[in-house]
Structures are given as structure tokens and as C-alpha cells.
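Step one of this worksheet: look at the structure below.
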Amino acid sequence: MNLSIVVPVYNIEHYITPMFDSLLTQSEPHFEVIIVDDGSTDNTYNVIANILALHPTLSCKVIRTENQGVSAARNRGLTEATGKYVLFLDGDDYISTDLVRTIHTYTQPSDPEVICWGYSHVTEDGVTTLSYASAYSDITGSEALTHIFVNKSLRIWTGSIAYKREILLLHGLQYTERCVNGEDQEFIYKALSRAARVITLPDILSFYLQRNTSISNSYNVKKFDVVAVFKRVDAYFEAHPFEQLDMISPYIRNRELIENYFFNLKTCLNGTEGVSIQKLLRDIDHTYPELNQEMYELIRRYRGNDRRLALYIRAFLISPLLYHRFISVERGLSRFKRKESRL
């Protein structure tokens, strides 16, 4: 078996059918699916069982566990996988008809440790809102990390990358359990740091559903787990050095931490009407003591060339209230532009 597709699911009875449809219409039928039901309390398991009963030729194993989070579910799926390569796909996302065949085509003769491809963000109505793709390349893992952090010319998402299972097992790579946000980035970066060969494809082969109820569109202070993610990545890189690490490390320790901090401030505030930035900062202090002060000291020293980020920082340092007002105006303008484009 060349490919194992590991799919964690939790309470997605209304979203899982497109994922199955994309698996059932693959132009290359030889792959296995491992679904880990992470303690769903709705009808998810029955929906899966009904689909599989109608399509017995799909090689699919379903594992039911107590609710332990998506990372634990992915880790369990990895232990059950038998394919030469492993792809982690969330149950509400889906893939192109040619994804399995494309992976087979590019991995059979060349045997890279990692292969990745383009992907699109799609709404619940199936409308594509953003697409990310990079030119074809055959590079090292350290070069891929340089493209991600330094050049910002490569974007990889959980469902747009497949790993040689052997490299994951050899280096004991697993998802950090109980981490709510950024655990997928952590896994990707660690795997790339151990990869001698990475193939990137320009094809859009995966589709990332942007659900209105997802953590990225809600008020959830646990989003700031991502700060610890980049600290763990930095420590891992230091413990397992590779070529170009000296170039990459400053970006991880500074820009990436700052960008993710402000991104999560923004999504928390924009995701919930009526929540003040003072409450958000208090909640962060309660959940992550010293994090706000640590980030304050870091952003005061920011010297990057991202103009929007610099503007956010300037407003925030003058007053968090000014920053909140600024992103509120920004959000209003964005809504107006979307409305105008529909007229």
C-alpha cells in the first residue's frame, strides 16, 4: 500500500460526506483510509457506517476512542497506518480526484521523504476564497523551511502534505497532544527539518473548509497555545540542527511569534461581538501568565518590514484600545467591500 489517509473526526455528521465523496471518486483506487472517531456524541459514527456499507470496496478502518483531541486521534491513526506514505486529512475537508494518483506518480520512482501540493480555502457553499500553490521543486527539507520562513514563498497545510511513514517512525514524530492551535504547524516543521528530499507540486489537490464554527473564527483563548508551539519548534531545531538553521531561527523567535500573537488577538476580537480587548488580555493573563508581558517586550523590539504588522504594533503600543478600534474599522471596510462586490 503506497498511501494511508488518516482522518480524525469529531461531531461532524453534517460535514463528512464531501470528504467521503472525494475518496470514493479517486482515479487511483489503491490506498487505505483510517478514520479515528474521537468520541463523537452526535451521529457521526452512524453516517460513516452507512457510507461504508454502501461502498464495501473502499479500504477503510474505523477506530472509536474516547475524546482526547485531534492530536491524539492523528497519533492513533499513524500507529495503525501501513502505507509507505501518510496523509492527515480532517473529516470536513476533501481532496481532488487525482490526489492519490498524483502522489503515486511522484513518489514511486523518486522516493522523497515529503511531498506537498497546492490547496484552496473553500466556504461551506463550496466557493473558493483563497488558493495557495508554489512552483514545482525538488529540494531539501531545510530549503523548504527557508521558503516558508524567510522567503514566504511556500505555504503548507495539514491536508496538503504527505510524509514517508518511515521518517516519522524513525524520528518519533507525533502531534503534541492537548495543544489546541498550531500543533499541525509544529508537526510539519519538525518533519521538514528531518527530510533530505521534499517535492513541491503546483497542483491544487486539497480543499480546506472554512467553517463558521471553527476555532479560527471564534473567541477561544487557547488559540494562544501557538506561542508555545513556536518555542517547541525552536528548541527542536536547536536540538537537531540542520543547514540554514542560523538563517531561520531569528524568524521563528521573533516575527512568527509576533505575527501569530496578533493574528489570534484579531480573530478572537473579530469572532465575538462585544468582547473588549481588556477582557481578552485578562483572559490571556489568566491562562498564560507572563505571556502578554513577554510579547510586549518582543513587539517593542520589532524591526521587520511588514507594514501592516508594524501598524498593528504601533497602535497596540500606544494603546490596546486603539489597536482594537483599528481592526474594527478594518473589518467594517472589508465587509463593505464584500457587499459592494456582490451588487
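The values are calculated or read from the model by the stated rules, or taken from the named source; none is laboratory data. Since we're looking at a predicted model, the values are computed, not measured. A quick note on method: Cβ atoms are made from the backbone with ideal geometry, for glycine too, and the neighbour counts reach across all protein chains shown. Ligands, DNA and RNA are stripped out before the accessible areas are found, and what is left, the full protein with its side chains, is counted by its heavy atoms. Shrake-Rupley method; radii C 1.70, N 1.55, O 1.52, S 1.80 Å.
To the nearest 20 debye, what is the magnitude of the charge dipole of the chain about its Cα centre, counting +1 on the Cβ of each Lys and Arg and -1 on the Cβ of each Asp and Glu?
Roughly 1240 debye, rounded to the nearest 20.
Quick one: if the Förster radius is 51 Å, what FRET efficiency do Glu28 and Arg301 give, using the C-beta to C-beta distance and rounding to 0.05?
On the way: r = 51 Å, r/R0 = 0.99.
Result of the calculation: an efficiency of 0.50.
Determine which lysines satisfy two conditions relative to Lys152: a Cα distance under 19 Å, and not lying fewer than 8 residues away in the same chain.
Filter leaves Lys190.
Can you figure out the FRET efficiency of Phe263 with Leu170, using R₀ = 35 Å and their beta-carbon distance, to the nearest 0.05? Show your work: numbers first, answer last.
Values: r = 33 Å, r/R0 = 0.95.
Between Phe263 and Leu170 the formula returns 0.60.
Provide the per-residue ³J(HN,Hα) series for segment 107-117, in order, calculated from phi with Karplus coefficients 6.51, -1.76, 1.60 and θ = phi - 60°, each as a whole number of Hz, with x at glycine and proline positions.
9, 4, x, 9, 6, x, 6, 9, 9, 9, 8
Counting heavy atoms of the protein chains only and a 1.4 Å probe, report the per residue accessible area for the chain as a whole number of Å².
Heavy-atom accessible area per residue stands at 48 Å².
Quick one: check the C-alpha center-to-center distance for segment 137-154 versus segment 100-135, whole angstrom.
16 Å
Within 15 Å, Cβ to Cβ, of Asn50, how many net charges do the neighbouring residues add up to if Lys/Arg are +1 and Asp/Glu are -1?
Net local charge, Asn50 excluded: -4.
Considering all projection directions equally, how large on average is the shadow of the alpha-carbon convex hull of segment 219-341, in square nanometres?
9.0 nm²
Just tell me which lysines come within less than 29 Å, Cα to Cα, of Lys279; anything on the same chain fewer than 8 places away is out.
Reachable lysines: Lys222, Lys223, Lys231, Lys266.
Summing -39500 (n - 2.57) over the DSSP H runs of n ≥ 4 in the chain and dividing by its residue number, what mean residue ellipticity at 222 nm do you reach, to the nearest 500 deg cm²/dmol? Don't jump to the answer; show the numbers that get you there.
Numbers: 14 runs with 154 residues, N = 343.
One gets -13500 deg cm²/dmol as the mean residue ellipticity at 222 nm.
Can you pull the percent of segment 47-132's accessible area that's carbon plus sulfur, 1.4 Å probe, other chains left in place?
Solvent-exposed carbon and sulfur of segment 47-132 make up 49 percent of the total.
Expected output is a single nm value to one decimal: the length gained when fully extending between Lys279 and Thr79, i.e. 0.36 nm times separation in residues minus the C-alpha distance. What is it?
67.8 nm
Out of Val86, Val47, Ser96, whose Cα points farthest toward the positive end of the dipole of segment 3-213 (charges: +1 Lys, Arg; -1 Asp, Glu; placed on Cβ)?
Of Val86, Val47, Ser96, it is Val86.
Could you tell me what percent of the DSSP beta bridges with both partners in the chain are antiparallel, to the nearest 5?
Taking every DSSP beta bridge with both residues in the chain, the antiparallel ones total about 40 percent.
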